[in-house]
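The next block holds one structure in the form of structure tokens; read it before the comments.
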Amino acid sequence: MSINTLISRLFRSFNRRLLGFEESSAGIRLPAPEADRLYLLYLHVPYCVVLCPFCSFHRVEFERSKTERYFACLRSEIQLMTDAGFNFDELYVGGGTPTVLPEELLSTIKLAQDQHPITGVSVETNPDHLRRDNLLRLHDAGVTRLSVGVQSFDDRLLKEMRRFDEYGSSIEIKRRLRRMQGIFETFNVDMIFNFPHQTESSLHRDLDVLIEEIGVDQVSFYPLMTAGATRKKMFQTMGSVDYSREQSFYRIIAERMLSAGYTRTSSWCFSRRPGMFDEYIAGREEYVGLGSGSFSYLQGSLFASTFSINDYLRLVGDGLTGTARRREMTPRNQMRYYLLMQLFSGALDKEAAETRFNGRFQRKMWPELAALRAAGAIHSSANTITLTESGYYLWVLLMREFFTGVNNLRDQMRQHQVVR
Ligand code: SF4
């Protein structure tokens, strides 16, 4: 067994402990905010016009009247957080497809901006929503980062993903992406690697488009992740995943992106300049997530909102938040979580870690740090711990495990619920 596999297995058991949420009564309160602290706010909009077979995110089919009610609930939750004393300075709206009802999205962003000193707003969308008028309205509403889910420019793969008819051919997607240039501070494209029928030459063609043809500001290149509930459907429509190719695909991506002048802002995100990036959980230790299926991390506890849209609408309609579960972490697991998230962005500041954990971080984390050093995954200097090249790929594995754990948790919670 390779040391990477061993570390991944150990991590999987940590993951199970981390995500083993206790049953709680729905509508539980988040802890009060710390005075003068600024938090990141994440809003989840789960609606999509088409449900892609590989996707394990929390998403449901779009239905206009329910989506309108859902956005109204998001605004009620923002108001509850404001009344509780939270102050937010960054806003991420993810999904699903948050732009599915632009008017609702814009008034939700505006409410958050009116009540909080928000300096950056990131919104996810799909290629069919890249109309020039939509883009300008989002920009004028203060959106600084627009992230477009493309996944691949290979028409065969787009057809297998059932995205070709809804979101367009690769030629059409490229034409739409060019309209985005110069509008937002950061223009991100989400891609996926290691699809069952993806080849190295198909991946190289995707990289040619991103780097040479379009010249995007930022690319988030996710490894294909499948949770239990989507694995069968994905296998039927797209084939089975071969994880043995994942590392060589990742190497191609990293080499091409880095040699084109991009820097790695997380293990799988490459940027031309500083700015917001998808994995806000790596950049900000504490955050508040609102909306069905969102997570919050506050004062050493992880909170999950209900995955049932009906329960969510009912809870918020009753004046509560959608938060339904809480997982309190031991101090040691808080340190492991901190290590995982900090190194996801490539580096951990030792002094900041010691300050955060009252001088106990390196003393308590020595077994984890020793294992990572033995695996050749980290370098340690006087002030910082950084990932090595092989460490970056190990972090792709660990974060894939983490998100697969999150997706499996969603599946388990859905089994007890009617999701729509
Ligand atoms: S990949 Fe994007 S568009 Fe497709 S189902 Fe998932 S969230 Fe919706």
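The values are calculated or read from the model by the stated rules, or taken from the named source; none is laboratory data. The structure presented is a predicted model; accordingly, all values stated were derived computationally and were not measured. Reconstructed Cβ throughout: ideal geometry from the backbone, glycine too, with neighbour counts over all protein chains shown. What goes into the accessible areas is simple: the full protein's heavy atoms, side chains included, and nothing from ligands, DNA or RNA. Shrake-Rupley method; radii C 1.70, N 1.55, O 1.52, S 1.80 Å.
Asn134 to Lys110: extension gain in nm, 0.36 nm per residue of separation minus the Cα-Cα distance? Let's see the in-between values first.
On the way: separation 24, 0.36 × 24 = 8.64 nm, distance 1.57 nm.
Gain on extension, Asn134 to Lys110, equals 7.1 nm.
List the residues whose amide H sits under 5 Å from the amide H of Gly293, counting only those 5 or more places along or on another chain, with H placed 1.01 Å from N in the peptide plane.
Residues meeting the criterion, in which the H sits 1.01 Å from N, are Ser305, Thr306, Phe307.
Name the residues whose placed amide hydrogens come within less than 5 Å of the amide hydrogen of Val189, ignoring near sequence neighbours (fewer than 5 apart) on the same chain.
Sorted by chain and number, the residues that satisfy this are Val148, Gln218, Val219, Ser220.
Excluding ligands and nucleic acids, what accessible area in Å² is computed for Glu200 using a 1.4 Å probe, to the nearest 10?
Number for this one is 90 Å².
Per the 1.4 Å probe, what fraction of the accessible area of region 23-283, in percent, lies on carbon and sulfur atoms?
Details: 5080 of 10380 Å².
After summing per-atom areas, the C and S share lands at 49 percent.
Would you tell me the accessible area of Cys48, worked out with a 1.4 angstrom probe on the heavy atoms of the protein chains, in Å² to the nearest 10?
Here the residue's solvent-accessible area equals roughly 10 Å².
Roll a 1.4 Å probe over the protein heavy atoms and report the accessible area of Lys66 in Å², nearest 10.
Its heavy atoms expose roughly 30 Å² to the probe.
Testing the spin-label approximation: label points 7 Å from Cα along Cα→Cβ at Arg356 and Asp318. State their distance in nm.
Each label point lies 7 Å from its Cα, and together they span 3.6 nm.
No other cysteine beta carbon under 4.7 Å away is the test; run it over the chain and list who passes.
Here Cys48, Cys73, Cys269 come out as lacking a disulfide-compatible partner, given the Cβ-Cβ threshold of under 4.7 Å.
Regarding the chain, what whole-number volume in Å³ per residue does the convex hull of its Cα atoms give? Could you put the intermediate results ahead of the total?
Working: hull volume 56.7 nm³, N = 420.
Convex hull volume per residue, Cα atoms: 135 Å³.
Work out from phi, with θ = phi - 60° and the Karplus expression 6.51 cos²θ - 1.76 cosθ + 1.60, the ³J(HN,Hα) of each residue of region 70-78, listed in order in whole Hz, and give x for Gly and Pro.
Each residue of region 70-78 in turn: 5, 4, 4, 5, 4, 5, 5, 5, 4 Hz.
Using the reciprocal of the averaged 1/r over all distinct C-alpha pairs, how large is the Kirkwood radius of region 35-153 in Å? Working shown, then result.
Values: mean 1/r = 0.0674 Å⁻¹.
With all distinct Cα pairs of region 35-153 included, I get 14.8 Å.
Which ³J(HN,Hα) values in Hz, rounded to whole numbers, follow from the phi angles of region 296-305 under the Karplus curve 6.51 cos²θ - 1.76 cosθ + 1.60, where θ = phi - 60° and Gly and Pro get x?
10, 10, 9, 6, x, 10, 9, 10, 10, 7
For the chain, what is the calculated [θ] at 222 nm in deg cm²/dmol (nearest 500), taking -39500 (n - 2.57) for each run of four or more DSSP H residues and dividing by its residue count? Each step should come with its number before you reach the end.
Working: 17 runs with 188 residues, N = 420.
Only helices count here, giving -13500 deg cm²/dmol.
What does the accessible area per residue of the chain come to in Å², with a 1.4 Å probe and no ligands, DNA or RNA counted? Each step should come with its number before you reach the end.
On the way: 16870 Å² over 420 residues.
On a per-residue basis, the chain sits at 40 Å².
Starting at the first residue of region 337-345, write each ³J(HN,Hα) from the Karplus equation 6.51 cos²θ - 1.76 cosθ + 1.60 with θ = phi - 60°, in whole Hz, x for Gly and Pro.
Result, ordered by residue: 4, 4, 4, 4, 6, 5, 6, 4, 8 Hz.
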